[in-house]
1. Do we find a residue being modelled with pLDDT of 95 or more, within 30 Å of T155 (Cβ to Cβ) and assigned to a helix (DSSP H, G or I) anywhere in the range 13-20?
2. Among the residues of the range 5-26, is there at least one that is over 27 Å from R95 (Cα atoms), charged (D, E, K, R) and without any contact (Cβ under 8 Å) to a residue 60 or more places away in the chain?
3. Scan the range 92-104 and report the pairs whose first residue is within 20 Å of N14 (Cβ to Cβ) and surrounded by fewer than 16 Cβ atoms within 10 Å (Cβ to Cβ) and whose second residue is at pLDDT 95 or above and of a type in the set (D, E, K, R), with Cβ atoms within less than 7 Å and a gap of 6+ or a chain change.
4. Just give me the residues in the range 122-131 being surrounded by 10 or more Cβ atoms within 10 Å (Cβ to Cβ) and either without any contact (Cβ under 8 Å) to a residue 24 or more places away in the chain or small (G, A, S) (or both), in sequence order.
5. Over 22 Å from Y15 (Cβ atoms), surrounded by fewer than 17 Cβ atoms within 10 Å (Cβ to Cβ), at pLDDT 95 or above and over 10 Å from the mean Cα position of the chain (by Cα): does that describe R111?
6. Can you name the residue in the range 120-154 that is at pLDDT below 95 and β-branched (V, I, T) and is also nearest to I65 (Cα to Cα) among such residues?
7. Restricting attention to the range 142-167, which residues are of a type outside the set (V, I, T), surrounded by fewer than 16 Cβ atoms within 10 Å (Cβ to Cβ) and in a loop (DSSP other than H, G, I, E, B)?
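The values are calculated or read from the model by the stated rules, or taken from the named source; none is laboratory data. These numbers were taken from a predicted model, which means no experiment stands behind them. Virtual Cβ from ideal backbone geometry, glycine too; neighbours counted across all protein chains shown.
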Amino acid sequence: MITVLLDKNKHDRNYFDCGVYALNNYLRVMASQQAKKDNTRTFVLEDEKFPERIIGFYTLTMTPIDLTALPLKLRKKHQSASSGGLIARLAIDQRYKHQGYGEWLLIDALRKLLLASETVAFPLVIVDAKEGAIAFYKKFGFTPFNDTPNKLFMTIAAVRKSLVELL
């Protein structure tokens, strides 16, 4: 399995349905526009039999870090940091749920962000978890920010360590 950049001429964005209107709408309407403006990159996992069908997707970008919302130890360690890598969206089509694709996409997103951090340093990966997804991210080691329980983070050091353990 590999992810590829969303291609509006190839991928059937209207077929995709994760059950969350905001995520479906983003993929259908906004993802290509945001990529064209260099604001985000959306990666899709294609169905091997029907490559135009999207099994799932995630969107990556950068985001400012609110250092005051971090635990004191991290706040001190990263006091000069200003931004982190953001997994802005991650969704699986309902027809493909409960087959491990969400986990696979999250690991793929973390690999891409780790690689990016080796070129342009940033200390954290941040996710904005939709309702019901917080436990999913916590299972992989993400920690909620002090002031926003649906916004979670993981240090790049922890990403690096966990990906080494997976290999």
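1. No: the range 13-20 contains no residue that is modelled with pLDDT of 95 or more, within 30 Å of T155 (Cβ to Cβ) and assigned to a helix (DSSP H, G or I).
2. Of the residues in the range 5-26, the ones over 27 Å from R95 (Cα atoms) are none.
Checked against the condition, which is being over 27 Å from R95 (Cα atoms), charged (D, E, K, R) and without any contact (Cβ under 8 Å) to a residue 60 or more places away in the chain, the range 5-26 yields no hits at all.
3. Q94/D17
4. Going through the range 122-131, the residues surrounded by 10 or more Cβ atoms within 10 Å (Cβ to Cβ) turn out to be 122-130.
Within the range 122-131, just A129 meets the criteria.
5. On the way: over 22 Å from Y15 (Cβ atoms): yes; surrounded by fewer than 17 Cβ atoms within 10 Å (Cβ to Cβ): yes; at pLDDT 95 or above: yes; over 10 Å from the mean Cα position of the chain (by Cα): yes.
So R111 passes the test.
6. Top of the filtered list is T148.
7. N146, D147, P149, N150, L167
Yes/no per residue for (1) assigned to a loop (DSSP other than H, G, I, E, B); (2) among the acidic types (D, E); (3) under 22 Å from P149 (Cβ atoms):
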| residue | (1), (2), (3) |
| --- | --- |
| H11 | yes, no, no |
| N24 | no, no, no |
| S32 | no, no, no |
| V44 | no, no, no |
| E52 | yes, yes, no |
| G56 | no, no, no |
| T68 | no, no, yes |
| R95 | no, no, no |
| L114 | no, no, no |
